[in-house]
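Structure record follows, encoded as structure tokens.
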């Protein structure tokens, strides 16, 4: 049988937030908050730990193959951002689906059958997620800015148009983040997000991976997906300002075509800012760090334990299948 409506809604909401909850970098440790747990990824492996309804941990790990090792050109600047983002989204969905299945272990239908997410439900969620993203963050802001031309002729200027469109896009994104934070079950996902960040910080500082040690660190990390999305939206304003305002459908199509370029550029900015935190580019990531006050919340020790166990499983698999790990 398929999952309940509430479970489906929770999964779909977490899927919409997945880009804001993950960090992607081929040569560094990162991760993603999922439903009642954390997925951690190293260059050549990933591990996941989920808190089951009975309090025990469900764990899983698998090896990974770096895209740039199979095809060196995929490691070129800008291209690596698009490739890494795509790989992170695929892995993030896989981890989120695993967490949903674990979370539903004790859920049953009226006939006593165990609930599960079948492939049709998974495919439907992917399609809905893609459609939601395009409609909310591309179509709706563009349509709103176009509609303003009737009473604000100055928006015919491409820079003014891009600024108005960007403000609408940011308002939608911030509104969605704030609304989801009011749902207690998604707020717990944000706590696991904080646990993931704290654990990554402790690992990067080579501190012992214990709850007491990890809890001393901040929940705000510069390589967070929240910072990436904010950088995408800010960079979009600058890029679209350079593009003449076309007819409606031509302009909308152009925005879709420019998305990989903007994503690749944003990746490079985030990557550089994480290494040079006093640079000018780091200022572009500052809004994302501010927004992490919502998308990351202080975790309890049991949530930190999930992140630590997930990272340990990833690193065990890394030792078996990987090479040297670079710590920023």
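The values are calculated or read from the model by the stated rules, or taken from the named source; none is laboratory data. From a predicted model like this one, the values you see are computed outputs, not experimental measurements. Cβ atoms come from the backbone with ideal geometry, glycine included; neighbour counts cover every protein chain shown.
Values computed for the structure shown
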| quantity | calculated |
| --- | --- |
| Flag for residue 246 being buried (at least 23 other Cβ atoms within 10 Å of the Cβ), out of contact with any strand residue (DSSP E or B) (no Cβ under 7 Å at 6 or more places or on another chain) and either over 26 Å from residue 175 (Cβ atoms) or modelled with pLDDT of 90 or more (or both) | no |
| Which listed residue is in contact with a strand residue (DSSP E or B) (Cβ under 8 Å, 6 or more places away or on another chain) and modelled with pLDDT under 90, from 283, 325 | 325 |
| Subset of region 196-210 (residues that are surrounded by 20 or more Cβ atoms within 10 Å (Cβ to Cβ) and in contact (Cβ under 8 Å) with a residue 40 or more places away in the chain) | 196, 197, 198, 199, 200, 203 |
| First in region 68-82 and in contact (Cβ under 8 Å) with a residue 12 or more places away in the chain and at negative phi, second anywhere and surrounded by fewer than 14 Cβ atoms within 10 Å (Cβ to Cβ) and in a helix (DSSP H, G or I), Cβ under 7 Å, 6 or more apart | 79/73 |
| Within region 1-85, helices (runs of 4 or more DSSP H) holding 1 or more residues that are within 24 Å of residue 201 (Cα to Cα) and modelled with pLDDT under 75 | 18-21 |
| Failed criterion for residue 161 (all others in (1) in a helix (DSSP H, G or I); (2) touching a residue at least 12 places away in the same chain (Cβ under 8 Å); (3) more than 22 Å from residue 239 (Cβ to Cβ) hold) | (3) |
| Test result for residue 262, surrounded by 15 or more Cβ atoms within 10 Å (Cβ to Cβ) and over 30 Å from residue 51 (Cα atoms) | yes |
| Of all residues in region 86-103 being over 21 Å from residue 42 (Cβ atoms) and out of contact with any helix residue (DSSP H, G or I) (no Cβ under 6 Å at 6 or more places or on another chain), the one that is modelled with the lowest pLDDT | 103 |
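Quick grid of which residues meet (1) buried (at least 20 other Cβ atoms within 10 Å of the Cβ); (2) in a helix (DSSP H, G or I); (3) on the phi > 0 side of the Ramachandran plot; (4) without any contact (Cβ under 8 Å) to a residue 12 or more places away in the chain:
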| position | (1), (2), (3), (4) |
| --- | --- |
| 169 | yes, yes, no, no |
| 187 | no, yes, no, no |
| 194 | yes, yes, no, no |
| 219 | yes, no, no, no |
| 223 | yes, no, no, no |
